[in-house]
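First the structure, in the form of structure tokens, and then the observations on it.
The values are calculated or read from the model by the stated rules, or taken from the named source; none is laboratory data. Everything quoted here is computed from the prediction, not taken from an experiment. Glycine also receives a Cβ, built like all others from the backbone with ideal geometry; neighbour counts cover every protein chain displayed. What goes into the accessible areas is simple: the full protein's heavy atoms, side chains included, and nothing from ligands, DNA or RNA. Shrake-Rupley method; radii C 1.70, N 1.55, O 1.52, S 1.80 Å.
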Amino acid sequence: MNFEMIKRHLFILVILFPFLLIAQSGSVPLPTDYFGFKPGTDRELFTYEKLIGYLEKLDQSSEKIKMVQIGESPLGKPMYICLISSEENINNIEKLKQINKSLALDHGIPEGERIKMIDEGKVFVYATLSMHSNEVGPSQAAPLIAYELATTSDTTLLGSLNDVVYMMVACHNPDGMNMIVEHYYKYKDTKYDGCSMPGVYHKYVGHDNNRDFITLSQKDTKAIASVYNLEWFPQVMVEKHQMGSRGIRYFVPPPHDPIAENIDAGVWNWIGVFGANLITDMTKDSLAGVAQHYLFDDYWPGSTETCLWKNVIGMLTECASVQLAKPVYIEPNELGVYGKGLSEYKKSINMPDPWKGGWWRLGDIIDYELSSTFSLIKTASKHRSEILTFRNDLCKKEVQKGETEAPFYFIMPLQQQDQSEMAGIVNLLKEQGVEVYKLSQEVSIDGYPYSAGDVVVPLSQSFRPFIKEVMEVQEFPVRHYTPDGDIIKPYDITSWSLPLHRGVKSVEINTKSEELEASLTKIEGEYAIKHPPMLEYEAFIFPAGNNESYKAAFYALAKGWKVDRAKVEFKVRDKTYDKGSFLIYQYDKFFDSLLVSPDATAQKPDFELETLKKPKIALVETYFHDMDAGWTRFVFDQYGIPYTIVHPQDFENTNFTQDFDVVVFPSTSKDILKSGKYKSGSTYYISSYPPEYSKGMGDKGMQNLMTFLDNGGIIVSWGRSTELFNANLKIKLDDDNSEEFRLPFRDISGQLSKKGLYCPGSFVNVNLKKNHPLTFGMDKSTGIFYRGKPVFSTSIPKFDMDRRVIATFPEKNILLSGYIENGERLGNKTAMVWLRKGKGQLVLMAFNPQFRASTQGTFKLLFNSLLIDRIE
């Protein structure tokens with residue numbers, strides 16, 4: 001054991017010694033006694049239920065702890081915040097909670113009352129742990145953090161708890177935590193000890209749960225966000241993660257550029273204060289390898305730190321990982337850095353005390369988590385009055401900006417191509433803590449009329465940064481490493497505009513209007529667009545333009561009801577319905593839950609209809625943390641679309657022709673699908689998954705898929721998986737004969753990339769083939785979420801093949817939101833194509849139509865693909 005490790009363990013022993021004495025004479029249970037091992041012990045983990053059980057015991061035995069349920073996980077596990085503070089603060093928690101809300105939202109508090117609130121209020125530090133479940137350390141540290149805060153005799157820490165309420169979500173992802181623990185023990189003490197868990201560590205989305213804090217699609221995300229959006233309004237927040245093993249040991253704020261421009265400078269300054277104390281305190285505790293201004297930027301919302309746009313001092317920490325609970329040994333010359341902020345693994349202003357290498361254990365991660373947590377609490381205590389004052393000052397400042405600076409409002413007209421998605425935005429904004437209104441009468445602004453019922457989002461609100469961020473078009477904040485040098489590339493996506501992504505018309509209003517403000521009615525409760533019911537009806541009409549219409553259609557098909565689809569445009573009572581609209585002839589309570597009521601007709605339809613059949617769908621999902629497949633499952637479940645998961649290694653034993661009508665390939669690597677291996681260039685890499693989960697479809701599985709296509713099957717594929725079909729393909733006719741063919745398309749993105757095309761996740765424009773069965777319910781153009789590849793080029797087909805270009809990039813005005821370089825290279829290129837081979841059909845998309853369940857404007861392209869006619 002080297003000198004640095006001895007110092008670290010002495011540091012922990014010094015902290016724990018007084019607690020051990022108290023525990024021997026009191027009733028607060030020791031973590032070691034409860035779990036049977038000290039949290040952080042090599043190769044030992046506990047489950048979510050054991051974690052919560054321990055915190056509940058602390059709640060029962062300590063007046064300094066209070067457990068409060070905030071929601072539940074996607075698999076139904078209860079989720080809690082563990083409130084830790086002085087006994088007086090815990091007893092006074094409801095009053096303190098109300099002070100938080102007032103300081104966060106009320107810009108008009110009389111000064112005398114405000115001074116009293118600031119004097120009586122406490123800083124609430126909100127910590128969410130281990131949202132990514134293979135990053136086990138923070139949650140495994142939670143019992144020690146809670147125990148030490150509950151039993152401490154340290155006068156400094158006791159003083160801090162008088163000023164601070166520490167709010168700990170001990171596990172951000174309960175379902176994933178149990179999946180990982182179960183997986184770890186399955187392979188513990190085998191040659192695969194510490195291997196990666198097959199599948200996603202979540203019901204649906206795995207690592208992408210940290211991309212859901214605008215959309216709030218997942219139950220656990222909703223629970224976490226409700227704490228700072230609607231209920232508790234903490235002033236400080238930290239999300240605790242882990243990262244790779246071979247770099248720095250611990251990242252603390254501030255982040256690297258670029259940063260979000262809608263967030264007030266004061267928030268960034270406070271992040272700097274907390275970060276400076278973190279690196280100082282952790283270095284003082286002999287914890288080496290702490291770095292800041294490194295790798296992680298903060299320009300995009302979507303992570304838990306979306307609270308930044310709600311005026312919260314939001315931060316991220318990242319600790320170096322072990323192999324779940326298995327220690328790793330790292331040679332000094334294996335240490336390195338990448339990304340931005342550090343160019344070499346050397347002593348620098350961003351990492352003043354590099355870690356020198358050696359054994360790295362789960363217990364080391366625990367040490368770093370303890371030290372960083374106590375530092376955050378101490379800093380919050382030291383600046384209690386300033387932080388509370390800042391919170392209300394910023395509330396007043398943002399409201400004042402909304403009164404005096406454009407834009408003043410966003411207006412979403414009631415009449416939309418997709419009314420259901422407009423209603424969805426209204427309810428989402430309300431869930432985000434935003435006040436939304438509608439017009440009670442027609443008003444005119446700059447000569448343009450707005451109608452009664454149009455939705456208005458004023459910006460004179462405390463959460464103005466969030467409103468502006470998600471309602472406007474994004475322009476990536478371009479920053480360079482050196483003047484005129486390389487740009488600092490985005491860490492993640494560059495577009496998230498709710499109206500654009502959901503296909504909803506929204507108007508930015510830059511003129512203040514007293515007439516409008518006098519005509520506003522606040523929307524309370526769930527927002528829905530309801531029509532009076534018809535007592536007599538022949539059929540209910542669900543317009544093709546509404547995503548909810550597809551939910552209704554799939555629901556009715558699942559019930560065995562007749563569902564027709566109009567093959568022509570038609571009128572009922574002077575209202576025109578698009579080609580592709582649905583007619584359903586029965587009704588039940590499910591339809592009452594829709595945000596938009598269906599129309600009805602008392603007359604028997606006299607226009608051309610097609611009767612739909614419920615498709616039998618195979619959804620292909622790999623075991624390689626297949627998040628896109630997980631998002632597809634989520635969308636299918638939300639819309640009642642039935643499916644069967646088929647893994648690539650199951651292909652050779654699957655009779656696709658007999659069992660399925662449609663096979664869906666979400667975006668994943670062709671090489672993972674075919675061989676179960678990663679590939680870079682010409683080199684294949686063995687994965688870190690157990691071998692039974694590292695298999696592809698192989699030649700036999702591909703043969704089965706091509707037989708399915710030859711027999712009239714439909715294949716739907718997007719993104720990276722389309723490369724599976726960009727090759728010479730073969731259909732086995734009998735034991736001795738086969739037919740080789742190549743579909744009339746190519747991916748030319750590699751050529752365009754060499755010419756400078758760079759699109760890091762932006763929203764771009766495409767022109768659609770209007771009134772094609774694949775574009776029913778869509779306008780003549782739409783936006784797609786796009787990452788620059790693939791790009792399709794089609795050719796004149798041979799033999800029994802055909803193709804139709806469904807979506808094309810325009811020659812001009814390609815970028816709608818985000819960032820792109822040399823976007824003109826995409827001009828007049830193909831983004832979506834329908835292909836036929838004999839009786840079989842393929843629908844290939846260069847983009848993810850359901851990207852992270854946030855691109856509702858292109859959902860219909862996916863839904864229509866599932867419903868196209870088979871060629872008999």
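Listed options for semi-axes √(5λ) of the Cα gyration tensor in Å are (i) 53, 43, 30; (ii) 69, 39, 23; (iii) 47, 35, 25. The value calculated from this structure is the one marked (iii). Annotation: amide H-H contacts under 5 Å for TYR689 (H modelled 1.01 Å from N, sequence separation of 5 or more, or interchain): SER196. Per-residue packing, averaged as other Cβ atoms within 10 Å, sorts the ranges 428-440, 64-76 into the order 428-440, 64-76, beginning with the highest. Among ASN767, SER749, ILE731, flag the residue with its Cα farthest along the positive direction of the charge dipole of the range 724-770, charges on Cβ as +1 for Lys/Arg and -1 for Asp/Glu. Checking the options against the dipole of the range 724-770, the answer is ASN767. For the pair LYS679 and ALA452 in one chain, pulling the backbone fully straight at 0.36 nm per residue adds 76.0 nm over the alpha carbon distance.
With every protein chain kept in place and ligands, DNA and RNA left out, what is the accessible area per residue of the range 266-375? Probe 1.4 Å, answer in Å².
On a per-residue basis, the range 266-375 sits at 31 Å².
Taking only the C-alpha atoms of the range 702-779, the Rg (one decimal) and the largest Cα-Cα distance, Dmax (whole number), read 16.9, 49 Å. Charge dipole of the range 228-362 (Cα centre as origin; +1 on each Lys and Arg Cβ, -1 on each Asp and Glu Cβ, all else neutral): 540 debye, rounded to the nearest 20.
Fully extending the segment from LYS589 to ALA406, taken as 0.36 nm per residue of separation minus the present Cα-Cα distance, adds 61.5 nm.
Computed packing ranks the peptides 324-337, 570-583 as 570-583, 324-337, most packed first, by mean other Cβ atoms within 10 Å.
For the range 597-740, the fraction of C-alpha pairs more than 26 angstrom apart is 34%.
Estimated from the Cβ-Cβ distance and a Förster radius of 41 angstrom, the FRET efficiency linking GLN98 and ASN653 is about 0.10. Semi-axes of the equivalent ellipsoid of the range 62-108 are 24, 19, 6 Å, computed as sqrt(5λ) over the eigenvalues of the C-alpha gyration tensor in descending order.
Need one number: nm distance between label points at MET801 and ILE645, each 7 Å from Cα along Cα→Cβ, rounded to one decimal. Between MET801 and ILE645, the label points sit 3.4 nm apart. Which of the listed residues, PRO642, SER795, LEU342, is farthest toward the dipole's positive end in the chain, when Lys, Arg count +1 and Asp, Glu count -1 at the beta-carbon? My answer, from the dipole projection, is SER795. The range 503-523 and the range 795-824 have Cα centres lying 36 Å from one another. Summing Cβ point charges (Lys, Arg +1; Asp, Glu -1) relative to the Cα centre of the range 561-608 gives a dipole of roughly 60 debye. Paramagnetic label reach from GLU508 (point 7 Å along Cα→Cβ; backbone nitrogen cut-off under 18 Å): within the range 248-276, residues 260-264. With an a/c value of 1.5 or above and a/b larger than b/c for the gyration tensor axes a ≥ b ≥ c computed over the alpha-carbon atoms, the range 331-455 is described as prolate.
Distant-in-sequence amide contacts of TRP496, defined by a placed amide H-H separation under 5 Å and a gap of 5 or more residues or a different chain, comprise GLN474.
Computed from phi, the 3J(HN,Hα) profile of the range 682-698 under the Karplus parametrisation 6.51, -1.76, 1.60 (θ = phi - 60°) reads 9, 9, 9, 10, 6, 7, 9, 8, x, x, 5, 10, 10, 10, x, 6, x Hz, with x in place of Gly and Pro. Each peptide in 181-192, 36-47 receives the mean, over its residues, of other Cβ atoms within 10 Å, and ordering these scores from highest gives 36-47, 181-192.
Calculated from the alpha-carbon coordinates, the range 259-327 shows an Rg and a Dmax of 14.1, 42 Å respectively.
In the range 788-872 the Cα-Cα distances spread across 10 Å bins starting at 0 as 15, 43, 32, 10, 1 percent of all pairs. Going by a ≥ b ≥ c, the root eigenvalues of the Cα gyration tensor, does the range 477-610 fall in the rounded group (a/c under 1.5), the prolate group (a/b larger than b/c) or the oblate group? Since a/c reaches 1.5 and a/b is larger than b/c, the shape of the range 477-610 is classed as prolate. The calculated FRET efficiency for LYS530 paired with SER781, based on their beta-carbon distance and R0 = 25 Å, is about 0.25. Site pair VAL68 and HIS480 shows an inter-label distance of 4.9 nm when each label is modelled 7 Å from Cα along Cα→Cβ. Close amide H partners of GLN242, meaning residues 5 or more places away or on another chain with modelled amide H under 5 Å apart, are CYS319. Dipole size of the chain about its Cα centre, with +1 on Lys/Arg Cβ and -1 on Asp/Glu Cβ: approximately 1680 debye, rounded to the nearest 20. Loop-located GluC sites (Glu not before Pro) in the range 568-632 (DSSP state other than H, G, I, E, B) with a sparse environment of at most 14 neighbouring Cβ atoms within 10 Å: GLU569, GLU608. Rolling a 1.4 Å probe across the protein heavy atoms gives the range 209-261 an accessible surface of 22 Å² per residue. Computed in the context of the full set of protein chains, the accessible area of the range 543-631 at 1.4 Å probe radius has 46% of its extent on carbon or sulfur. Karplus-derived 3J(HN,Hα) values for the range 196-202, using 6.51 cos²θ - 1.76 cosθ + 1.60 with θ = phi - 60°, are 6, 7, x, x, 9, 8, 4 Hz; glycine and proline are entered as x.
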